[in-house]
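Take a look at the structure below.
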Amino acid sequence: MRTNFLLNDFSHRLTQIIKWTRSVRSYSDHTRRTRLSGPRTLHLQTTDLCNARCIMCPYTSLNKGSRGNLMDDDLYRKIIDEAHATGETKTLCFMLQNEPLLDRRLPDRVKLARKVFGDSVRIMTVTNGAPMTAEMIEELIAAGISSVSVSIDAFHESTFNRIRQGLNHRHVIGNTLSLIKRMGPARVSVKFLRQRGNEGEENDFAAYWRQLGVRIQFIEPTNRAGTLESYERIKKRQPALWKKLAHPVLNRIIPACPLPFTSMNILWDGRVITCSEDWGPRDTVGDISKQPLMEIWNGEKINHYRHLLWNHRAAESMICAGCSLSQPFWRI
């Protein structure tokens, strides 16, 4: 079973690398345009709410005043229709700097997206697991969701409580087990964000969830384009040896951080940000409530940021200058 797990994990990573490579290399610095007619991945923030105070997230520290905003239905329909018209979008992810399951209309939004796209896209969400009631699970399944990823980040309850503040470990684990039972393990994944606070728990975490048959995603923290004040305190002290060996090779295969080249990220009010890491946001590259999606996707502003990344001039970028992903050892 461990062999199958490792093979599946390697296959997933390889597939991701291939997709990123194609997306980045579809960009032409000569024309300052991408040959892609639209985003391969669409991240949507249908609500700006979150119910947690995780130490590796700037949500709480970035006091944006009033929250609880929901994306307008007409705006949502416009986004879905225009993304479908590009013929390029393959993944629709309901998660962008928020807890998506706090949008009670989420099942209806999934249902509409499935109606418009048919089976041509993977429709997914990423959740902290707390609002994942039995009713919500049933509604999402009926709506046609493809997969759900649950961010857990710890094996021990005490570790979970330190990292994912405001959430209840037993409640989240129970909800995740219910999700696996109802959806099946092939459609569920669990995430473990490696950081100082959970060092040494990776093996126990992997063993527990592997025996249930779900995919496990080990990922690294980022400094959220420079907005995460606790980044230096929480990141692991030394990168793993395999990263020191693999990343120079990967940085040649994928010549720039792939996020602005492959995905579009739309906030609840229609503003489009360069990538999901820009929590400020420091800048926006368009407003889909006022502009066509394809105009923004290949517009002057986003291509300006792509140009800087492509030419290794991230230090000149308002968004990327302080981002850990623009450094030589950006994470796969």
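The values are calculated or read from the model by the stated rules, or taken from the named source; none is laboratory data. Everything numeric in this text was worked out from a predicted model, so none of it was measured. Ideal geometry is used to build each Cβ from the backbone, glycine not excepted, and the neighbour counts take in all protein chains shown. The protein model used for the area step is the full one, side chains on, heavy atoms only, and it has no ligands, DNA or RNA in it. Shrake-Rupley method; radii C 1.70, N 1.55, O 1.52, S 1.80 Å.
Once the whole set of protein chains is in place, how much accessible area is left on residue 268, using a 1.4 Å probe, in Å² to the nearest 10?
That residue has around 70 Å² of solvent-accessible surface.
Mind ranking 264, 294 by accessible surface for me, highest first, 1.4 Å probe? Walk me through the numbers on the way to the answer.
Numbers: 264 5, 294 100 Å².
Per-residue accessible area, sorted high to low, gives 294, 264.
Going by accessible area, probe 1.4 Å, with all protein chains left in place, what is the ranking of 49, 167, largest first?
Greatest to least solvent exposure: 49, 167.
Between the stretch 70-101 and the stretch 128-203, what is the separation of their alpha carbon centroids in Å?
23
Specify which residue in the list 132, 225, 79 is farthest towards the positive end of the charge dipole of the chain, using unit charges on the beta carbon of Lys, Arg (+1) and Asp, Glu (-1), about the Cα centre.
Checking the options against the dipole of the chain, the answer is 225.
Report the percentage of all Cα-Cα pairs in the stretch 155-245 whose separation exceeds 23 Å, rounded to a whole percent. Show your work: numbers first, answer last.
Values: 1267 of 4095 pairs.
Here the tail beyond 23 Å accounts for 31 percent of pairs.
First measure r as the distance between the Cβ atoms of residue 35 and residue 134, then evaluate 1/(1 + (r/R0)^6) with R0 = 35 Å and state the FRET efficiency to the nearest 0.05. Kindly include the intermediate steps, with their values, before the conclusion.
Details: r = 45 Å, r/R0 = 1.28.
Working from the Cβ atoms, E equals 0.20.
May I ask you to compute the full-extension gain from residue 229 to residue 18, defined as 0.36 nm times their residue separation minus their alpha-carbon distance, rounded to one decimal in nm? Could you put the intermediate results ahead of the total?
Values: separation 211, 0.36 × 211 = 75.96 nm, distance 3.27 nm.
Taking residue 229 through residue 18 to full extension adds about 72.7 nm, to one decimal.
So the label point goes 7 Å from the Cα of residue 26 along Cα→C-beta, right? Which residues of the stretch 77-96 then have their backbone N under 11 Å from it?
What the label zone holds, given the 11 Å backbone N cut-off, is 86-91.
Two decimals is fine: what's Rg over Rh for the stretch 55-190, C-alpha atoms, Kirkwood radius as Rh? Please report the intermediate quantities before stating the final value.
On the way: Rg = 15.8 Å, Rh = 16.1 Å.
Dividing the radius of gyration by the Kirkwood radius yields 0.98.
Which entry is the computed semi-axes √(5λ) of the Cα gyration tensor in Å for this structure: (1) 34, 20, 18; (2) 28, 25, 20; (3) 39, 21, 19?
The listed entry that was calculated here is (2).
For residue 219 and residue 294 in the same chain, what is the full-extension length gain: residue separation times 0.36 nm, less their Cα-Cα distance, in nm? Intermediate values should be presented prior to the final figure.
Numbers: separation 75, 0.36 × 75 = 27.00 nm, distance 3.10 nm.
My answer for the length gained is 23.9 nm.
Could you tell me which of the pairs 78/181; 115/301; 90/290; 90/191; 19/181; 191/290 are separated by over 26 angstrom between their Cα atoms in the structure shown? Could you put the intermediate results ahead of the total?
Numbers: 78/181 35 Å; 115/301 32 Å; 90/290 24 Å; 90/191 22 Å; 19/181 31 Å; 191/290 36 Å.
As for pairs spanning more than 26 Å Cα to Cα, those are 78/181; 115/301; 19/181; 191/290.
Label points 7 Å out from Cα along the Cβ direction at residue 237 and residue 165: separation in nm?
2.4
Based on the Cβ-Cβ distance from residue 75 to residue 203, what FRET efficiency comes out when R0 is 35 Å, to the nearest 0.05? Provide the component values of the computation, followed by the final result.
Working: r = 45 Å, r/R0 = 1.28.
The formula returns an efficiency of 0.20 here.
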